[in-house]
Structure formats: structure tokens, C-alpha cells
1. Apply the a/c threshold of 1.5 to the C-alpha gyration tensor of segment 164-323 and tell me whether it is rounded, prolate or oblate.
2. Set the Förster radius R0 to 51 Å, insert the Cβ-Cβ distance between E38 and L266 as r into 1/(1 + (r/R0)^6), and round the FRET efficiency to 0.05.
3. Using the per-residue mean of other Cβ atoms lying within 10 Å as a proxy for protection, in what order, highest first, do the peptides 43-55, 272-284 fall?
4. Can you compute the FRET efficiency between A90 and L68 using 1/(1 + (r/R0)^6), with r the Cβ-Cβ distance and R0 = 30 Å? Round to the nearest 0.05.
5. Compute the distance in nm between two label points, each set 7 Å from the Cα along the Cα-to-Cβ direction, one at L320 and one at F227.
6. Cβ neighbours within 10 Å, averaged per peptide: list 6-19, 242-255 in order, most packed at the top.
7. Using Cα-Cα distances under 8 Å and only pairs 6 or more residues apart, what relative contact order does segment 171-298 have, in percent?
8. Ranked from highest to lowest mean number of other Cβ atoms within 10 Å per residue, what is the order of the peptides 70-83, 179-192, 304-317?
Amino acid sequence: MRFLAQRKRFRDLSEQEVLALAISSEEDDARIYRGYAETLRTDFPATAKIFDGMAAEEDTHRARLIALHESRFGHVIPLIRREHVAGYYARRPIWLVENLGIDRIRSEAEAMERDAERFYLAAAARTTDSATRKLLGDLAAAEAGHQNTAAELSETHLSGDIKTDEDATAHRQFILTWVQPGLAGLMDGSVSTLAPIFATAFATQDTWTTFLVGVAASVGAGISMGFTEAASDDGELSGRGSPLKRGLASGIMTTVGGLGHALPYLIPEFWTATSLAFLIVFIELWAIAWIQNKYMETPFFRAAFQVVLGGALVLGAGILIGSG
């Protein structure tokens, strides 16, 4: 709260400070675009060229703003950045965006230009000083021009075939980094925990004990699968992406798969809890088959036969052992 109180309100900025703020914002945006370009250059070279071009545009506008500042206020530009001004639009750290894929990066770049344009238009509408209004209006026009430039650069560097190829690469990377390890984890968590959970259930007919065993089996399997996935491949040669991402996907989905049929045993009545657990197992297995069909292009009925048959065998083994 103290930090917020120390921020300056936009309406309290002088014309020189507004110009200095615009200069620092243009510099920040150029650095963000160059960061996007470097992130995408290996897998998406055409889109990287777009961001190189957008960064160059930001540099051009910054140079024009600096020249305007020098002509009006001299060579010393006040140090003022967006975090110094209350209510000024913020930029997300690049590491929060670059891990979310090429489509998110493209959308973030479009939003950056729209945010800046809206801000300058709103600021121009609030001021009564003609010189300040003209300055803010010019800045808004510049941001709108950036959006047009981005569209022109996209047309130049992203033909239909290139865009299709880049989208296919992004989809493949999504499959390798998130879907494949997540699916493996879901299958392991859903199937491998069936035997200990249902063996405990039919051996003790104690729902609370069954729940504890289910949670322990699910969490333990999730930790094991997560570490195994992360340690098995650093992604450098296979192109499967960050081991941390794959480990998280595998570990979380393994835990979720096991907890799905463990949670019903929070219900005290044994047969009610067991019936609900059977239903959830059925849903889990068919969900796995659907994911295999949608993302891994496995024929649905073959995937369903493999998953349901395997799950039924493990479930039957658990029940048989527990009942014995």
C-alpha cells in the first residue's frame, strides 16, 4: 500500500514527464518483442521475423519521441517508467508468456498495442491543454500504426503455408510437452491405483482406511511419475520440451487419476462409496480413450478396448485379492 501511495497519478504528470513515460514504454516494448523473437527463432523463424520488425518499429517511434523531447525540453530525459504511474497499463513478464505457446505470444503482442492505444486516447480525452492533447493523440496514432505494421509484417513473413507449418509445429510441441506425459500420467494414476484401492476396500470395508490408502497411492505415484518423466529426458535431442513442464504434467495427472476413484471413499457408507468409485473408474477409462483418439490419433475403439480391458483386469485383480 505504501508503494502504491508513492506512485504518481497520470493527471499529475507534466508534459515532459508524459513524453519521458512514452519513451521508456517504447523502449520496454521493443525489448519485449526482441525477447519474443529470440524465444521463437529456432522453431518459428517466420514469426520471429515479425517480432524483429515490430521491435524496429518501436525503435523508430522512440527515436522520434526523443527528438521531440530534445526540441521541447532539452537532452535530459526524466527517469519515469510505467511502474511509477498509478493506473498505467502493465506488461506481463516475458517468462509468463513465452511458456504458453506461439498463439499466446501473438495474442499478447496484439494486446500490448491495443492497451497502449486505448491509454493514450483516454489520456488525450481527459486533458484540456491543447499541446498535451496533440501529443497524446499523436502517440495514440503511433500505437494504431504499430497494429497496422504488425498486420503488414504478418502478410510479408507468414504466407498460408508458413503459418500452417508453424501452427503444426506448435501443435506437435503441445502434444509432446503436455499431452503425451499428461496422458501417460493419467493412465498410470487411473489404472495402477485400482488394485491397491479396491483391494483395501474389499479387504477392510472401511471407507476411511480405503481413502487414506488411495490418497497415499495417488500422491506417491504422482511424485514418482513426475520425477521419472523430468529425469528421463532433458528435451535437448528429443525436442519434447522442458523437463519441468513434462514432469509437472505427468505428476499432476497421475495424482488426479488416482484421486478420482479414491475421493468417493470419503462417503461413510461402503457400497455407496464403492458404487460411485466404479462409476468414476468407468468415466476415467473412457476419458483416456477419448484423449488418445483426439490427440494421439489412436482409433477410438482400439484405444477404448486397450484401456478398458487393462483397467478391468487391474480392477478385477484388486477386488479378487481384497475379497480373498
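1. Values: a/c = 2.78, a/b = 1.83, b/c = 1.52.
In terms of gyration-tensor shape, prolate.
2. Values: r = 49 Å, r/R0 = 0.96.
FRET efficiency, E38 to L266: 0.55.
3. Values: 43-55: 20.5, 272-284: 17.3.
The packing order, highest mean first, is 43-55, 272-284.
4. Working: r = 25 Å, r/R0 = 0.83.
E between A90 and L68, to the nearest 0.05, is 0.75.
5. Calculated label separation equals 3.3 nm.
6. Per-residue Cβ counts within 10 Å, averaged per peptide and sorted highest first, yield 242-255, 6-19.
7. So the answer I get is 35 percent.
8. In descending order of packing, they fall as 179-192, 304-317, 70-83.
A short reminder: the numbers here are calculations on the coordinates, not readings from a lab. Here the structure is a predicted model, which means the values were calculated and not measured. Neighbour counts run over all protein chains shown; Cβ positions are idealised from the backbone, glycine included.
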